[in-house]
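Undergrad: For reference, the structure I am asking about is given below.
Only the coordinates and a few stated rules stand behind these numbers; no lab work does. In this text the structure is predicted, and so the values were computed from the model without any measurement. When we count neighbours, we look across all protein chains shown, and the Cβ atoms used for this are built from the backbone with ideal geometry, even at glycine.
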């Protein structure tokens, strides 16, 4: 096995010091020459220490680099049993309830005059909270299904939009454009779901 460069240099230097004689072959001062010879082991030990530190540093750097490249953390999607079935049920309830209790009165113009249709607005706010809840459950199911993975982003965006729209209903000042936009998003998600082999059948909840 090849010795580290530092060790080779130190060994060569020590050998030269050990075998060297003054020019002309003169016999050196015994006391001074013994002192020089005693330095040889220390030179070798120092070289080994330096080489060991360099090797350890290199190994540590390599290990750190290896750990950095292979230790990337990934967030695994939650495992959901019967994900597609649960998605279809929850998405169907969310979308059906939205259209029955929110979008229908929106198109009828009830939200344009909320003070004249207080009961309708209150029911829409209650229904909206239910819609957001079921949409969250549908999102969890989609996250646990490779088949529905393309729906995760648009459902997340829709949920955020509905959170704001429902807050406006609770405040008594319905966000008409936000609700209209949410309806368009629901249509797009339904189309994507159908393309993925999951046709959503809407079913409105009652009791609001």
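Undergrad: Please report 102, 186 as a ranked list, fewest other C-beta atoms within 10 angstrom at the top and most at the bottom.
TA: 186, 102
Undergrad: State the extension gain, in nm to one decimal, for the chain segment bounded by residue 195 and residue 122, taking 0.36 nm per residue of separation less the distance between their alpha-carbons.
TA: Computed gain between residue 195 and residue 122 is 22.7 nm.
Undergrad: Something else now. Starting from the Cα-Cα distance between residue 112 and residue 183, subtract it from 0.36 nm times their residue separation and give me the gain in nm to one decimal. It would help to have the intermediate numbers written out before the result.
TA: Numbers: separation 71, 0.36 × 71 = 25.56 nm, distance 1.69 nm.
Taking residue 112 through residue 183 to full extension adds about 23.9 nm, to one decimal.
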